[in-house]
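Written below as structure tokens is the structure these notes are about.
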Amino acid sequence: MIANSVSLEPLLAIRNVSKSFPTPNGPYTVLEDVNLAVRQGEFVCIIGHSGCGKTTLLNMVAGFATPTTGEVLLRSEPIARPGPDRMVVFQGYALLPWLTAFENIYLAVDAVWPTKSRSEKTTIVQTNLARVGLSDAAEKKPAQLSGGMKQRVAIARALSIQPEVLILDEPFGALDAITKEELQEQLLQIWNTSRATVLMITHDIDEALFLADRLVMMTNGPAAHIGEVLTIPFTRPRNRTRIMEDPRYYDLRNHALDFLYRRFAHQSD
Ligand SMILES: Nc1ncnc2c1ncn2[C@@H]1O[C@H](COP(=O)(O)OP(=O)(O)OP(=O)(O)O)[C@@H](O)[C@H]1O
């Protein structure tokens, strides 16, 4: 079971992190005093109202941005820039429309391992397309793929790089409910074999309760911080029906709903 393989040492440490952006009216503090330690192999979901700073936080883990104060450490080293040890999958897929699924992934593999032979790189691409069930769609371009298939290609591309940390920014937000559930199950299978540490933003409490080891709940901005962290106790491998029959599921769900819609209600939601 994956829970047994989780190391006790934090792989990732977010320490006293604040982030401000300059504006014409002075600095705008999005995040203030955010602290989180993530163990290797953990699956962590982050939830919070729109605009509270979830993407800003994960951008600092990805290395797209740096904290204004505090530090983000990977294996005790400050994260200063993006790197192949951390891959991001966005809601909008970010595939190049003129390339096939195979070519989109190959491009990333080639960028990270330019010295590998063409056949080695081809094997990596094919292996990861197979992991997401898309071997038959290798020669299709994004316009010929459904939203769920595009997101599978984006996940296969991220996995091809064998990242230590997989950062998922609301990856299933644009998908219909059935496709979303299929991809959640596929993601859990992939996570189980890849052993990657996953940080995933979601707006969906049920998704977080199905996927995550812990659910990080953020307060509203400006100056948002982590309000509470829920530990999700369901054993793995997880079965959706069994989880929904577990009375703890409703306790956790109600607790998260109370946090989001009563204690930290947001006017625009
Ligand atoms: N580069 C920037 N310059 C100025 N303000 C920014 C910048 N990036 C983000 N912000 C502001 O920071 C706040 C947090 O944005 P962020 O995208 O991190 O929120 P979020 O929680 O991910 O939102 P959503 O759930 O809607 O994606 C917003 O008010 C946004 O306008």
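The values are calculated or read from the model by the stated rules, or taken from the named source; none is laboratory data. Predicted model only: the values in this text are computed from it and were never measured. Ideal geometry is used to build each Cβ from the backbone, glycine not excepted, and the neighbour counts take in all protein chains shown. We work out accessible area using only protein heavy atoms, side chains counted, and drop any ligands, DNA or RNA first. Shrake-Rupley method; radii C 1.70, N 1.55, O 1.52, S 1.80 Å.
Annotations for the structure displayed:
- Available extension along the chain between F90 and S119 is 7.6 nm, counting 0.36 nm per residue and deducting the alpha carbon span.
- Between Y28 and F21, T23, the built amide H atoms are under 5 Å apart, and every one of these is 5 or more places off in sequence or on another chain.
- Gain upon complete extension [H203, A37; 0.36 nm per residue less C-alpha separation]: 57.6 nm
- Per-residue HN-Hα couplings for the stretch 13-22 [Karplus 6.51, -1.76, 1.60; θ = phi - 60°; Hz; x = Gly/Pro]: 10, 9, 10, 6, 7, 10, 9, 10, 10, x
- Distance between the pseudo-spin-label points of N254 and E77 (7 Å out from Cα toward the beta carbon): 4.8 nm.
- Fraction of antiparallel bridges per DSSP, the chain only, in percent to nearest 5: 50
- The chain, relative contact order [Cα under 8 Å, separation at least 6], %: 25
- If a spin label sat at a point 7 angstrom from the Cα of A177 along the line to its beta carbon, no backbone N atom of the stretch 233-269 would be nearer than 12 Å.
- Spin-label model distance (nm) - S135 vs T66, 7 Å beyond Cα toward Cβ: 4.6
- Per residue, the chain exposes 48 Å² of solvent-accessible protein surface, assessed with a 1.4 angstrom probe and all protein chains in place.
- Rounded percent of accessible protein surface that carbon and sulfur make up, the chain, 1.4 Å probe: 51
- In sequence order, calculated HN-Hα J values of the stretch 142-158 (Karplus, 6.51, -1.76, 1.60; Hz; x Gly/Pro): x, 5, 8, 10, 6, x, x, 5, 4, 5, 5, 4, 4, 5, 4, 4, 5
- Contact order relative to length of the stretch 92-162, as percent, for alpha carbon pairs under 8 angstrom and 6 or more apart: 49
- Degrees separating the helix 177-194 axis from the principal Cα axis of the chain, which is the longest one: 80
- The chain: Lys pairs at Cα distance under 18 angstrom, eight or more positions apart or on different chains: 4
- The modelled label-to-label distance for the pair D246/N16, using points 7 Å beyond Cα in the direction of Cβ, is 3.7 nm.
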